[in-house]
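Trainee: There's a structure below that I have some questions on.
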Amino acid sequence: MSHDLFEAARGAMAFAHAPYSKFPVGAAIRAEDGKVYTGANIENLSFPQGWCAEPTAIGAMIMGGAKKIVEMAVIAEKLPLCPPCGGCRQKISEFASKETKIYLCDEAGVKKTMTMEELLPFSFETELG
Ligand code: THU
């Protein structure tokens with residue numbers, strides 16, 4: 001069910017530390033262990049030092065002992081269907097498969113479902129992974 005992931009992402013967005021952009025973002029991952037890991041963007045007065053919601057959620061997943069993103073939801077209250085930025089696509093792809101579903105949300109729920117392959121076609125791959 002993607003609706004619980006939407007709700008988890010929306011709940012995570014409330015924890016955003018976004019005093020500079022005033023653009024809160026929330027992300028929620030369902031991992032291979034069945035658990036949901038969440039994150040919000042965390043900005044910094046030294047602007048380039050801030051980071052997105054997606055890597056916060058990835059960090060929570062890794063520290064929870066999981067390694068695979070089964071599905072993921074992203075929400076931004078000021079941008080319905082907020083797509084993960086380019087850097088985040090690369091970060092997500094490290095732990096996803098081409099079929100992994102990414103749910104883009106608005107305030108009411110999942111509005112668009114994309115696969116990792118659609119989100120990051122012709123992705124960087126080497127013999128290392
Ligand atoms: N942001 C995310 O958290 N995820 C994205 O994929 C896009 C951008 C954050 C970064 C920054 O804190 C704010 O949104 C405005 O760019």
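Trainee: If you check every pair at least six apart or on different chains, which have Cβ atoms under 8 Å apart with a residue in region 61-85 that is under 16 Å from Thr100 (Cα atoms) first and a residue that is of a type in the set (Asp, Glu) and more than 16 Å from the ligand (Cβ to nearest atom) second?
Mentor: Partner pairs satisfying both residue conditions: Ala66/Glu32; Ala66/Asp33; Lys67/Glu32; Lys68/Glu32; Val70/Glu32.
Trainee: One residue is enough: does region 83-98 have a residue meeting the conditions polar (S, T, N, Q) and more than 13 Å from the ligand (Cβ to nearest atom)?
Mentor: The answer is yes, given that some residue of region 83-98 is polar (S, T, N, Q) and more than 13 Å from the ligand (Cβ to nearest atom).
Trainee: Moving to a separate point now. Looking only at region 23-64, count every residue that is within 12 Å of the ligand (Cβ to nearest atom) and not charged (D, E, K, R) and tell me the total.
Mentor: 21
Trainee: In region 5-22, which residues are among the small types (Gly, Ala, Ser) and more than 8 Å from the ligand (Cβ to nearest atom)?
Mentor: Ala8, Ala9, Gly11, Ala12, Ala14
Trainee: Moving on to the next point. Please verify whether Thr113 is over 18 Å from Arg10 (Cα atoms) and β-branched (Val, Ile, Thr), treating the condition exactly as stated.
Mentor: It is false that Thr113 is over 18 Å from Arg10 (Cα atoms) and β-branched (Val, Ile, Thr).
Trainee: Turning to a different aspect of this structure: If a residue must be part of a loop (DSSP other than H, G, I, E, B) and under 11 Å from the mean Cα position of the chain (by Cα), how many such residues does region 81-120 contain?
Mentor: 4
Trainee: Kindly indicate whether Ala73 is in contact with a Gly (Cβ under 6 Å, 6 or more places away or on another chain), crowded, with 23+ Cβ neighbours inside 10 Å, over 27 Å from Glu127 (Cα atoms) and among the aliphatic types (A, V, I, L, M).
Mentor: For Ala73, the condition - in contact with a Gly (Cβ under 6 Å, 6 or more places away or on another chain), crowded, with 23+ Cβ neighbours inside 10 Å, over 27 Å from Glu127 (Cα atoms) and among the aliphatic types (A, V, I, L, M) - is not met.
Trainee: Val74 versus (1) part of a loop (DSSP other than H, G, I, E, B); (2) in contact with an Asp or Glu (Cβ under 8 Å, 6 or more places away or on another chain): which is the lone unmet condition?
Mentor: (1)
Trainee: Sticking with this structure for a sec: How many residues, within region 41-70, are surrounded by 22 or more Cβ atoms within 10 Å (Cβ to Cβ) and part of a strand (DSSP E or B)?
Mentor: 1
Bear in mind that the values in this text are calculations on the coordinates, not laboratory data. Nothing here was measured: the structure is a model prediction, and the numbers come from that model. Positions of Cβ are generated from backbone atoms using ideal geometry, with glycine treated the same way; all protein chains shown enter the neighbour counts.
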